[in-house]
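No value in this document is a laboratory result; all are computed from the given coordinates. On a predicted model such as this, the values are computed, not experimentally measured, just so you know. Cβ placement follows ideal geometry from the backbone for every residue including glycine, while neighbour counts extend to all protein chains displayed.
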Amino acid sequence: MENNASAKVYIGFITYNDGTAKYLPYFLSSLKHQAYENIEILAIDNSEEEDNGNSRFIKNNYPKIDFKRSGENIGFAKGYNQMIQKAIDSGAKYFLALNPDMILEADSISQLLDAMASDDKIAAVQPKILKWDFEKNIKTDIVDSRGIICDQKFRFRDDKQGQADADESDAVKDIFGFTGAAVLLRLGALADVAYNNQYFDELMFMYKEDCDLSLRLRLAGWKIVLASKAVVYHDRTNSRVGDSLWQIIKNRSGKKRKLKQWSFFGQLVIVLKYYQLAFSPKTKFLFCWYQLEILAFAVLFEQYLLKELVKLWRLRAEIKKRREGLKIRVALSEIEKLMS
């Protein structure tokens, strides 16, 4: 068991235009009032405009935050990679990635660190994320995420999303993967599975990069856990409503086209990166079948997604290099046992 009593935790978050600015008074106040005080906060602003609500609020109220403007939207993966690299260069052991549209309980960081300290093979600790009704400023007992589930189709979703929180266990629980919305990461584990100093794969501009990193960590023999005693609240705009065709259409109808393109492309990158691994015939069959379902859906309902296939073809050599660089230290059957 590790001793994390004095470990400095680097916290990173990304802001973007007015969509995140409205959350900062609540989000940063919850960080300020953490019981664990040895933290360093980093932020990258992906807003196009230099003078925006995010930069004004942080400079006026939290000038000690290491705040950097990118000048454009450089995406989730690249933004976090820059902050993670800074934490590594500073000699830190842990990095806490957070969306700014959330608030933390006062002991959240302490609980995450306690869970991390329980086993030096843990690479990522996911808090229990419940829904925050931002408009009413109400914390709810509705689950936003208890970690990422991956089934044998390589279909990813947030565990128990939309359900009432019925978890009364204080145990640290093994899960397949983490959501990038809130996760404490062991920097040594990230360095172990990095590709050319990319921790999150920058081919994935946004969406599915947390699923990909979870897979790489799992293949390399690292553990990912849920710490139910660490509780945070998230104001998620769109939540999954089901798996039927009608439910999928309904769920996607309110999402912006660009977001759906990023998610579609991220899934395709995962297809090329992992399909050729020696998974069981059943997993390979289900994996291929799901990709056919995705393509059929795109042809029928969202034809604009098909141009992502051209982009994927152009990047096939880069994806192959990433596949060849995977560290596989566990039997793939062990990974399949975690797929539900």
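On the principal axes of its alpha carbon atoms, the chain extends 51, 45, 41 Å, with the longest extent given first. Build a GNM of the chain with springs between Cα atoms under 10 Å apart, and of 69, 157, 56 the one that fluctuates most is 56. Select from 166, 152, 138 the residue farthest towards the positive end of the dipole of the chain; place +1 on Cβ of Lys and Arg, -1 on Cβ of Asp and Glu, and compute about the Cα centre. So the residue we want is 152.
Indicate, rounded to the nearest 5 percent, the antiparallel portion of the DSSP beta bridges found entirely in the chain.
50
In terms of other Cβ atoms within 10 Å, 118, 145 run from fewest to most in the order 118, 145.
All C-alpha to C-alpha distances of the range 245-337, sorted into 5 Å bins beginning at zero, yield P(r) values of 2, 11, 20, 21, 18, 14, 10, 4, 0 percent in whole numbers.
Straight-line cross-link partners of residue 68 among the lysines, defined as a Cα under 17 Å from its Cα and at least 8 positions apart when in the same chain: 59, 78, 86.
What is the range 21-157 by shape, rounded, prolate or oblate, if you read a ≥ b ≥ c off the alpha carbon gyration tensor as root eigenvalues and call it rounded for a/c under 1.5, prolate for a/b larger than b/c, and oblate otherwise? It would help to have the intermediate numbers written out before the result.
Values: a/c = 1.35, a/b = 1.24, b/c = 1.08.
Verdict is rounded for the range 21-157.
Excluding residues fewer than 8 places away in the same chain, name every one of the lysines whose C-alpha is closer than 24 Å to that of residue 282. Candidates past the 8-residue exclusion: 153, 208, 273, 320, 327, 337. List the aspartates and glutamates whose alpha-carbon lies under 15 Å from that of residue 131, not counting same-chain residues fewer than 8 positions away? Residue 131 reaches 101, 105, 141, 144, 158, 159, 165, 167, 235.
Build a GNM of the chain with springs between Cα atoms under 10 Å apart, and of 298, 97, 189 the one that fluctuates most is 298. The calculated 222 nm mean residue ellipticity attributable to helices in the chain amounts to -12000 deg cm²/dmol, summing -39500 (n - 2.57) over DSSP H runs of n ≥ 4 and dividing by all residues.
Here the chain is treated with +1 on each Lys and Arg Cβ and -1 on each Asp and Glu Cβ, and its dipole about the Cα centre works out to around 1240 debye. Amide H contacts of residue 198: none lie under 5 Å away among residues 5 or more positions distant or on a separate chain (H built 1.01 Å from N in the peptide plane; Pro and chain starts excluded). Highest GNM mean-square fluctuation among 267, 126, 303, for the chain modelled with Cα contacts below 10 Å: 303. Rounded to whole numbers, the Karplus 3J(HN,Hα) couplings from phi for the range 297-307 are 4, 5, 4, 7, 10, 9, 4, 4, 5, 5, 5 Hz, using 6.51 cos²θ - 1.76 cosθ + 1.60 with θ = phi - 60°, and x at Gly and Pro.
In this structure the amide hydrogen of residue 119, modeled in the peptide plane, comes within under 5 Å of the amide hydrogens of 2, none closer than 5 places in sequence on its chain. Here the range 30-90 is treated with +1 on each Lys and Arg Cβ and -1 on each Asp and Glu Cβ, and its dipole about the Cα centre works out to around 180 debye. Positive-end ranking of 103, 331, 39 along the dipole of the chain, with charges on Cβ about the Cα centre, is headed by 331.
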